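Read-outs throughout are calculated quantities, based only on the coordinates presented, and are distinct from any laboratory measurement. Owing to the predicted nature of the structure, the values given are computational and were not obtained by experimental measurement. Positions of Cβ are generated from backbone atoms using ideal geometry, with glycine treated the same way; all protein chains shown enter the neighbour counts.
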């Protein structure tokens, strides 16, 4: 394949340079997505929660101001399935959902949050972000 030892050395040098460039490129991609930009997953989670909150408002408007007793009841109201938090890889919102109904005062409230330390690279608090019917999205 090689006509001389010099051709072989030149090929090895070029191959080494190409390999270095490829490794540097993928290292840069890894650093960007998992070290420099961890807020991307946190922002995705906040978007999911805002979408769930908007669907809860629609549900309440269709049900005389009552919110569902569980988030999985939203599946029948046009939301489809409850989205997964990209950091945890599963639905981390449904287990935390709490519905408060005071029929005497006609006060209906709910709260839910992203359960666990799913965003520990971005925030140092457990169970954040949170969402309530009174305040909306609560992010630290």
Please state, rounded to one decimal and in Å, the Kirkwood hydrodynamic radius that the chain gives when every pair of distinct Cα atoms enters the mean of 1/r. 18.2
Please determine, in degrees from 0 to 90 and to the nearest 10, the orientation of helix 5-31 with respect to the longest principal axis defined by the Cα atoms of the chain, where the helix direction is its Cα long axis. 10
Suppose each label sits 7 Å from its Cα in the direction of the beta carbon; what would the residue 86-residue 126 distance come out to in nanometres? 2.6
Round to the nearest 0.05 the FRET efficiency obtained for residue 25 and residue 5 when R0 = 35 Å and r is the Cβ-Cβ distance. 0.70
Helix 39-62 versus the longest principal axis of the chain: what angle, 0 to 90°, nearest 10, using Cα atoms? 30
The simple spin-label model distance between residue 72 and residue 107, using points 7 Å out along Cα→Cβ, in nm, is 3.0
